[in-house]
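Enquirer: Here you go, one structure.
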Amino acid sequence: MSKEEKKVNRRDFLFTASYTVGAVGVGAVIWPMIDQMNPDKAQQALATTEVDISNIEPGKSITVLWRGKPVFLKRRTPEEIAEARAVNMDDLPDPQMDEERVKEGKDEWLVMLGVCTHLGCVPLKDKGDFNGWFCPCHGSHYDVSGRIRKGPAPTNMEIPKFEFVDSNTIKIG
Amino acid sequence: MSEKEYTPKSKAGKWLNDRLPLLTLGAHLTDYPTPKNLNYWWTFGGILTFCLITQIVTGIVLAMHYVAHADLAFASVEHIMRDVNYGWLIRYIHSNGASMFFLAVYIHIFRSLFYGSYKSPREVIWIIGLMIYLLMMAAAFMGYVLPWGQMSFWGATVITNLFSAIPLVGDSITTWLWGAYSVDNPTLNRFFSLHYLIPFLILGLVVLHIWALHVPGNNNPVGIDIKKPSKDTVPFHPYITIKDAFALLVFMIIFAGFVFFTPNVLGHSDNYIPANPLVTPAHIVPEWYLLPFYAILRSVPDKLGGVILMFSAIFILFVLPWLDTSKVRSAVFRPIYRQFFWILVIDVLILGYVGAMPAEGVYLVLARVGTIYYFLHFIVVMPVVGYLEKTDPIPMSISEPVLSGGAEPSIARKVNEKV
């Protein structure tokens, strides 16, 4: 009886060991099949874009394409900056100071992903209830700092990584 | 399955059948005992098979001329429309075919809801059917992206962004789906690959769907269990095949009407503008067959909540056989449920309508009421009505109401008397 039990245990061990090795093998094959769908080297190579900003007048903005997504570069007027900073934090669904969204000393330059954080549409400029952007897809309103104020979008429009290469050039990414 | 043993007549047939019983299968499908009272709502299984084959055949032809590249896709579709011999016809059949496919599948699903075809012992047929429906939606969505017009691009953007609502891993999943940092060439390429794959997955599930159907046999308008074969059944061929063929002809007339007279009426003119990642069209609307779910998505003022509710609206159907507590299948004998059934039909139509309208004002209110009712129907109405409803007497067999001019109380049994 005890001898038989021992035999069964030995077989159990072999089964478990085989299944484990098999599972590791299957996993090792599946991972490349999944990861091949992630952005490839060519896509990653597009990770930075340099933009000449010397021609943008105060109050105007341009849109450039970075990683296939639009980026808004807006040169804000002092009034617009003042308006963005006067907002009460309690009125914001995703509270964030305007100062946190721009580079210090370059407060007039708002550089942000022109992508609605709801479902990815491109908001229209100078529209909406808050003097900023309005997304036509599902009605999200953003303020002059690109912060969400009203509508289904959960967060403020994203600020990408960027730096001033010189006073006339911004490098995004 | 209770047919008598089949033996092929010819020697060659017997030789083959001993090695692979294809002829037995053929005989089973021919003789398959079918309830003799099936009405025209039962012809949509055959119509759907026709739709699937039409989409596969026209799709294979289109793939011979289409180029799945962001720079070339739009031009290659125009090339199909203008240069390829009969390209316009094949493409219009394929694009309208998708709509006809959904029209048929919705009738098929609502037929099942009315006559209780999803109930025991047919739950597995129902669940496989829903899996087919999900795959159909995936195939239709990806197919709509392939022409790489404005609606293609922004539809793809909005739908893939639904996954970004998932906490923590949402953005990684979206990037993974795209193969880029936005909807781009890699996205188009993989959607084409998957769009080509899915119909064959559907075909496999259709085989399982029919196999699962042939175990208990067809439900019928009276919704009672019948003996097979008996005086309540007829052989599938020629009785059902000829009825299916007639219905299919009528269906094809409507289909041809769209293809030849209004081939673009179900599409959006914005999709004849090449995709532009910098400009979103003013009104992003999905194809008509997805509108009710789109209305549910937009009725919730919260991103994650909207996405969850939209997917729940589909997945709740999977547990429907267990939400319905009534023992009586057919709504013909369920006076209360029958009314709620029609309210649900109207509710879904309203959701479809407001899904096409801007999400504001009265439309938003309607969408919210419609959404709430949609879920109430399945979560509350179905279990409660099934429990409380006093059903009409149901006949002992199909022959009775037909041959004796209606179910008389004396020969009818009452099923729903509480124990």
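Enquirer: Of all residues in the range B:360-387, count the ones that are modelled with pLDDT under 95 and either of a type in the set (Ser, Thr, Tyr) or in contact with a His (Cβ under 6 Å, 6 or more places away or on another chain) (or both).
Expert: Within the range B:360-387, residues that are modelled with pLDDT under 95 and either of a type in the set (Ser, Thr, Tyr) or in contact with a His (Cβ under 6 Å, 6 or more places away or on another chain) (or both) number 2.
Enquirer: In the range B:57-91, how many residues are under 28 Å from the mean Cα position of the chain (by Cα), within 24 Å of B:Thr262 (Cβ to Cβ) and β-branched (Val, Ile, Thr)?
Expert: 5
Enquirer: Can you name every residue in the range B:294-315 that is open to solvent by less than 20 Å² (accessible area, probe 1.4 Å), away from every other protein chain (no Cβ under 14 Å) and more than 14 Å from the chain's Cα centre (by Cα)?
Expert: Selection gives B:Ala313 alone.
Enquirer: Shifting gears a bit: Taking the residues in the range B:1-41 that are aromatic (Phe, Trp, Tyr) and in contact with a Pro (Cβ under 9 Å, 6 or more places away or on another chain) as candidates, determine which candidate is modelled with the lowest pLDDT.
Expert: Of everything passing the filter in the range B:1-41, B:Tyr6 is modelled with the lowest pLDDT.
Enquirer: Let me ask something additional. Residue check: is B:Pro221 in contact with an Asp or Glu (Cβ under 7 Å, 6 or more places away or on another chain), of a type outside the set (Ser, Thr, Tyr) and surrounded by 18 or more Cβ atoms within 10 Å (Cβ to Cβ)?
Expert: Here the answer is no, as B:Pro221 does not meet what is asked.
Enquirer: Quick test of your reading of the structure: A:Phe72 fulfils all but one of (1) in a helix (DSSP H, G or I); (2) of a type in the set (Phe, Trp, Tyr); (3) surrounded by 11 or more Cβ atoms within 10 Å (Cβ to Cβ). Name the failing condition by number.
Expert: Failing condition for A:Phe72: (1).
Enquirer: Quick check on my filter: what residues within the range B:47-68 are within 30 Å of B:Val222 (Cα to Cα) and open to solvent by 30 Å² or more (accessible area, probe 1.4 Å)?
Expert: We begin by selecting, within the range B:47-68, every residue within 30 Å of B:Val222 (Cα to Cα); these are B:47-52.
Of everything in the range B:47-68, those that are within 30 Å of B:Val222 (Cα to Cα) and open to solvent by 30 Å² or more (accessible area, probe 1.4 Å) turn out to be B:Thr49, B:Phe50.
Enquirer: When both residues are 6+ apart or on different chains and their Cβ atoms are under 9 Å apart, which pairs have a first residue that lies in the range B:244-258 and is closer than 8 Å to B:Ile47 by Cβ, and a second that is small (Gly, Ala, Ser) and in a helix (DSSP H, G or I)?
Expert: Within 9 Å, the pairs are B:Asp244/B:Gly45; B:Asp244/B:Gly46; B:Ala247/B:Gly46; B:Leu248/B:Gly46; B:Phe251/B:Ala104.
Enquirer: A follow-up question, please. How many residues does the range B:167-183 hold that are more than 8 Å from chain A (Cβ to nearest Cβ) and open to solvent by 40 Å² or more (accessible area, probe 1.4 Å)?
Expert: Residues in the range B:167-183 being more than 8 Å from chain A (Cβ to nearest Cβ) and open to solvent by 40 Å² or more (accessible area, probe 1.4 Å): 6 in total.
The values are calculated or read from the model by the stated rules, or taken from the named source; none is laboratory data. Just so it is clear, the model here is predicted, and its values are computed rather than measured. Every residue, glycine among them, receives a Cβ derived from its backbone with ideal geometry; neighbour counts consider all protein chains shown. Just so you know, the surface numbers come from the protein's heavy atoms only, side chains and all, with ligands and any DNA or RNA stripped out. Shrake-Rupley method; radii C 1.70, N 1.55, O 1.52, S 1.80 Å.
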